[in-house]
Amino acid sequence: MIRRFFSKFLYFSCYYGMISFSQPKSMIEKSKINVNWKVIGHAQQKLYLESAFFGNRLTHSYLFSGPPHVGKTALALDFARLLNCENGNLCGKCLACVNPVEIFSELIVIDKDTEIKIDEIRSLKRDLALKPLSGQKKVAIIANAENLNRESANSLLKFLEEPQKDNFFILTTAAVGFLPQTIVSRVQKINFSPNSKQETEKHLNSLDISKAITKQVLELAPNKIGLANILSKNIEELERWRQQDMELDDLFSQSVFERMQYTSQISKLETQQIVNIFKTWLILSESRLRQTKQKDMKAQTDFIKALNTALMHFKSNLNKRLVLDNFVLSF
Ligand SMILES: [Zn+2]
């Protein structure tokens, strides 16, 4: 049992980063000012950021690392607004608090599912070079930072090494193992855990959606408020995830030969489309793993490992068909 626990722990350590919160608790103090965070949950992470902000212990670069769709980028946005809030508490009234991201000139966001290229980092540097308004701070948020390619990561690294006084970076990732160690060693790492099912349910109950939708969303995303939010507002997306959930069931019940036939079909898709399917399966599998009985855990962890390996191979541009064949033989 200890070994099983350990192998599960090692897997998550590799993919999401260490599970424990990286900052010693003695460093975290409750500030007297009430910050009106919009993001639900993640109390320890908020407390740490408040402590750094009010205690003048800010560093220039942060890495929010943890499972996908739990609110890392949303908290990064909240934090960027807090850094610039006129009342210093996310008042919800000043321009920094209410300006949409698109017209908030002190905030630059790169948030995409595909490769982040060097031109985008160059453009980010140009934007950061413009002086912020008096008393304001420029904040660059790079979500899904694992999508930086080698060139763009190197270009960003030079910037992280010599940040300007008023510049702050917040990188977020669900796959810290895909980030170059040179970047990880330059940033203050803050680890995130999945949301609790109660938090997700409470959030869904606060939305104007039917009980049937709430139930479906909660089944697919019990521990991911970010995903629950997307699915509750987009019926087509909800249907796509339900479909993928059913395909996952099929895949588990199929023989290797049937799986081969299935992957032969999906091999006709573009690599990026296959990567998106695998990422969806990874998220669904993680939710399943949390509800899996001990005796079925090995099958789930083997499947998750197989997905991770395939994603790594896709990122290395290995032959698509070869990656898929290896994948079906690995679980
Ligand atoms: Zn404000």
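Bear in mind these aren't lab numbers, they're just calculated from the coordinates by the rules spelled out. Since this is a predicted model, take the numbers as computed values, not measurements. All Cβ positions, glycine included, derive from the backbone under ideal geometry; neighbour counts span all protein chains shown.
Here are the numbers for this structure:
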{"quantity": "Whole-number D in µm² s⁻¹ for region 272-311, Kirkwood Cα-pair radius fed into Stokes-Einstein, 4 °C, 1.567 mPa s", "calculated": "126"}
{"quantity": "Along each principal axis, Cα extent of the chain, largest first, Å", "calculated": "65, 45, 42"}
{"quantity": "Label-to-label distance, nm, for residues given as M246 and K315 (7 Å Cα→Cβ offset)", "calculated": "3.2"}
{"quantity": "In order through region 39-47: 3J(HN,Hα) via Karplus (6.51 cos²θ - 1.76 cosθ + 1.60), integer Hz, x for Gly, Pro", "calculated": "6, 8, x, 6, 4, 5, 5, 5, 4"}
{"quantity": "Residue exposure sequence - K137, K38, K72, K165 - by fewest surrounding Cβ within 10 Å", "calculated": "K165, K38, K137, K72"}
{"quantity": "Integer Hz, Karplus 6.51/-1.76/1.60 couplings in order for region 194-199, x for Gly and Pro", "calculated": "x, 6, 7, 4, 4, 4"}
{"quantity": "GluC sites (Glu not before Pro) lying in DSSP loop within region 73-141, provided at most 15 other Cβ fall within 10 Å", "calculated": "E86, E115"}
{"quantity": "Cross-link partners of K215 among lysines (Cα-Cα below 18 Å; sequence separation of 8 or more within a chain)", "calculated": "K197, K202, K224, K233"}
{"quantity": "Loop-located GluC sites (Glu not before Pro) in region 247-331, at most 12 other Cβ atoms within 10 Å (DSSP)", "calculated": "E270"}
{"quantity": "With 5 Å bins from 0: P(r) over region 234-328, alpha-carbon pairs, percent", "calculated": "2, 12, 23, 26, 20, 11, 4, 0"}
{"quantity": "Ranked list, fewest to most other Cβ atoms within 10 Å of each Cβ, for H69, H60", "calculated": "H60, H69"}
{"quantity": "Residues with amide H under 5 Å from that of N99, placed H, sequence gap 5 or more", "calculated": "none"}
{"quantity": "Magnitude of the charge dipole, region 64-201, Cβ model with Lys/Arg +1 and Asp/Glu -1, debye to 20", "calculated": "360"}
{"quantity": "Total formal charge among the other residues, if their Cβ is under 13 angstrom from that of D245, Lys/Arg +1 and Asp/Glu -1", "calculated": "-4"}
